[in-house]
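The values are calculated or read from the model by the stated rules, or taken from the named source; none is laboratory data. Everything numeric here is computed off the predicted structure, so don't read it as measured data. Every residue, glycine among them, receives a Cβ derived from its backbone with ideal geometry; neighbour counts consider all protein chains shown.
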Amino acid sequence: MPLTKYPRSVEPPWKEWDQKAQKSGLRHAVYAVNGDHYTGEWLDNLKHGKGTQTWKSSKAIYDGDWKKGKRNGFGTYSLPDPVTGEYMKVYSGWWKNDKRQGYGTHFYSNKEYYEGDWKADQRSGWGRMYFGNGDIYEGEWLEDKHSGQGMLQLAGENRYEGTWKNGKKHGPGKFYYMNTGQLYEGVWVEDVPKAGTMIDFGREEAPYPTIYPIPEIKLADPVGILETAQAKLLDGPEGTQVEVEPQSENVN
């Protein structure tokens with residue numbers, strides 16, 4: 001009886017090539033079709049662990065932690081200076097799912113930067129912002145805007161301490177005029193002081209005090225009147241306005 005021979009099963013070549021292409025552990029530079037390249041650790045064919053990614057189009061570099069193909073953990077993102085070509089740090093801090101999240105520092109320019117909390121690539125939580133004109137804001141943020149309690153110190157040393165909403169002064173607050181030695185305390189609505197009192201504050205030490213001191217308020221119940229006006233502004237129907245404007249320089 002003749003013997004029947006069956007051909008030996010052979011896997012197609014592409015399977016062997018695919019196995020060799022699988023990346024796990026430390027690898028040297030791996031180039032993408034578009035010219036981007038990555039050097040670092042892999043797991044199951046994904047960037048995972050420590051590694052450095054360079055994007056050809058923007059020439060940006062990320063150096064730090066990765067998890068399942070995304071920036072996750074601590075890392076630094078840098079871009080080349082358009083004039084010198086030297087790499088300048090743009091962001092250094094924590095990431096999650098390819099977005100800034102946690103504590104980190106973002107440099108907008110040589111003189112302007114933010115240090116504080118991030119959430120989903122936006123400034124949210126507590127943070128301090130140094131502006132290019134010399135102003136400094138320190139306090140709470142929400143979705144890239146001042147929201148909550150915070151202090152804005154202007155370059156001329158005047159400062160606002162109080163409540164913010166959507167990047168504007170909104171709610172109870174105090175504005176210190178350090179140059180004239182006066183203090184405005186009251187309620188703000190969308191950056192505008194609406195109801196409050198202006199008193200002398202350190203007038204003797206101020207560099208540019210007013211010629212005459214602020215006179216004493218002659219009302220039967222100044223505190224009660226002010227509280228009523230403030231309550232209407234913050235809790236009353238939209239459009240209600242009871243204005244008591246400070247009689248001094250503009251409040252910035």
**Request:** Can you tell me which residue within the range 151-168, out of those that are without any contact (Cβ under 8 Å) to a residue 60 or more places away in the chain and in contact with an Asp or Glu (Cβ under 6 Å, 6 or more places away or on another chain), is nearest to GLU205 (Cα to Cα)?
**Result:** ALA155
**Prompt:** Is at least one residue of the range 102-109 under 30 Å from PRO80 (Cβ atoms), in a loop (DSSP other than H, G, I, E, B), free of Cβ contacts under 8 Å to residues at least 40 places away in the same chain and touching a strand residue (DSSP E or B) at 6+ places or on another chain (Cβ under 9 Å)?
**Reply:** yes
**Prompt:** Being within 30 Å of PRO207 (Cα to Cα) and of a type in the set (A, V, I, L, M), is that true of even one residue in the range 137-150?
**Reply:** no
**Message:** Can you tell me how many residues within the range 70-101 are among the hydrophobic types (A, V, I, L, M, F, W, C) and either without any contact (Cβ under 8 Å) to a residue 12 or more places away in the chain or at positive phi (or both)?
**Reply:** 1
**Request:** Among the residues of the range 58-93, write down those that are closer than 21 Å to TYR114 by Cβ, acidic (Asp, Glu) and at pLDDT 95 or above.
**Result:** ASP63
**Request:** Take the residues in the range 91-112 that are of a type in the set (Ser, Thr, Tyr) and within 12 Å of the chain's Cα centre (by Cα), then tell me which one is surrounded by the fewest Cβ atoms within 10 Å (Cβ to Cβ).
**Result:** TYR108
**Message:** Checking THR4 against (1) surrounded by 10 or more Cβ atoms within 10 Å (Cβ to Cβ); (2) over 24 Å from the mean Cα position of the chain (by Cα); (3) among the polar types (S, T, N, Q); (4) modelled with pLDDT under 95: exactly one of these is not met. Which one?
**Reply:** (1)
**Request:** With the checklist (1) at positive phi; (2) without any contact (Cβ under 8 Å) to a residue 24 or more places away in the chain; (3) acidic (Asp, Glu) in hand, flag the one item GLU185 doesn't pass.
**Result:** (1)
